[in-house]
Amino acid sequence: MKYTLRIYRKKRSSDERYWQDFIYESTDENETVANALTKIDVKWECSCMQEKCGACAMIINNTPSLACGYKLSRCKNGICKLEPLRKFPVVCDLIVDRSILHENLKTMKIWLRQDADFEKDKDSLYRELAYESSECIQCGLCLEVCPNFYLGGDFFGASTVPLTLRLLSESDRENFIENAKLYVKHEFEGCGKSFACKAICPRHIDTERMMVKLNRVAVWKRRK
Ligand code: SF4
Ligand code: FES
């Protein structure tokens, strides 16, 4: 089967954007967009090629997707339109600068400030959702579809929600209050509850359920 990889390009040294077509032939019905990209001279990012690192996030046929999880056979009439994510600055071709994801995690103070005690958390809300939250690969697809997230805004979107779950287990009162205030400012207050994030997440993380639990703890102060 012959495919047209139609790519929205940009050189590193210029702001000019342009479309370029590449003809690509494949006999494997399971071949992915990521695999095809390894065979042509276009800049993009990848690492795991197994939908586990988030590096290859881009817009494929108008839908934010992971290139390594998108089969070429899904492309209607063999047309595969590839664009970089739109909410982040484009570096070149399909590469965008997603450093804001890490900056937001730092602002939210997502790190352990005391020894982890997994036994203590055995029956807690945190324990219940901890495994699911660890599935987040920081791909940024949830931010791409969020109607309320924009670069530089106070609202951080769903990508910080899974990791903010640690708030539920914070037993130090001062730390808890600080985390709760950050959650209210950067998550609760800006969310319009469209939950487009939940529908697009390639790891199927239930961000709505997580936010309901976090609201209960951080906003309504109910810890049990
Ligand atoms: S919540 Fe899902 S879509 Fe958002 S960054 Fe994490 S894995 Fe990606
Ligand atoms: S290369 Fe890791 S998610 Fe696609």
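Readers should treat all values here as calculations from the given coordinates under stated rules, not as data from a laboratory. As the structure is a prediction and not an experimental result, all values here were calculated from the model. Cβ sites come from the backbone with ideal geometry, for glycine too, and all protein chains shown count toward neighbours.
Magnitude of the Cβ-charge dipole of the chain, K/R +1 and D/E -1, about the Cα centre, nearest 20 debye?
Numbers: 37 positive and 32 negative charges, 101 e Å.
So the magnitude is around 480 debye.
To the nearest 10 degrees, how steep is helix 173-183 against the longest Cα principal axis of the chain, on a 0 to 90 scale?
It works out to around 40 degrees.
Just for the Cα atoms in the chain, what are the lengths along the principal axes, largest first, rounded to whole Å?
59, 35, 30
Which value in Å does the Kirkwood hydrodynamic radius of region 2-96 take, with 1/r averaged over all unlike C-alpha pairs and then inverted?
Details: mean 1/r = 0.0754 Å⁻¹.
Averaging 1/r across every pair of different Cα atoms and inverting gives 13.3 Å.
Choose one answer from Cys201, Cys136, Cys48: the residue with the largest mean-square fluctuation in a GNM of the chain with alpha-carbon springs under 10 Å.
Of the options given, Cys48 has the highest mean-square fluctuation.
Between Asp154 and Arg74, what is 0.36 nm times their sequence separation minus the Cα-Cα distance? Round to one decimal in nm.
Working: separation 80, 0.36 × 80 = 28.80 nm, distance 3.68 nm.
Extra length available between Asp154 and Arg74 comes to 25.1 nm.
Calculate, in nm to one decimal, what Ala199 and Trp220 gain on full extension: separation in residues at 0.36 nm each, minus their alpha carbon distance.
Details: separation 21, 0.36 × 21 = 7.56 nm, distance 2.63 nm.
Between Ala199 and Trp220, full extension yields 4.9 nm more.
Given the DSSP H assignment, sum -39500 (n - 2.57) over each helix run of at least 4 residues in the chain and divide by its residue total; what's the result at 222 nm in deg cm²/dmol, nearest 500? Write out the running numbers ahead of the final one.
Numbers: 8 runs with 56 residues, N = 224.
For the chain, the value works out to -6000 deg cm²/dmol.
With springs only between Cα atoms under 10 Å, which of Ile23, Ile205, Ile137 fluctuates most in a Gaussian network model of the chain?
Most flexible of the set in this elastic network: Ile23.
Students often get this wrong: which residues of region 50-88 have the backbone nitrogen under 15 Å from the point 7 angstrom along Cα-to-C-beta of Ser99?
From region 50-88, the list is 88.
Give, in nm to one decimal, the length gained when the segment between Phe188 and Glu16 is fully stretched (0.36 nm per residue of separation minus the Cα-Cα distance). Before the final figure, lay out each step's value.
Details: separation 172, 0.36 × 172 = 61.92 nm, distance 3.79 nm.
Separation in residues times 0.36 nm, less the Cα-Cα distance, equals 58.1 nm.
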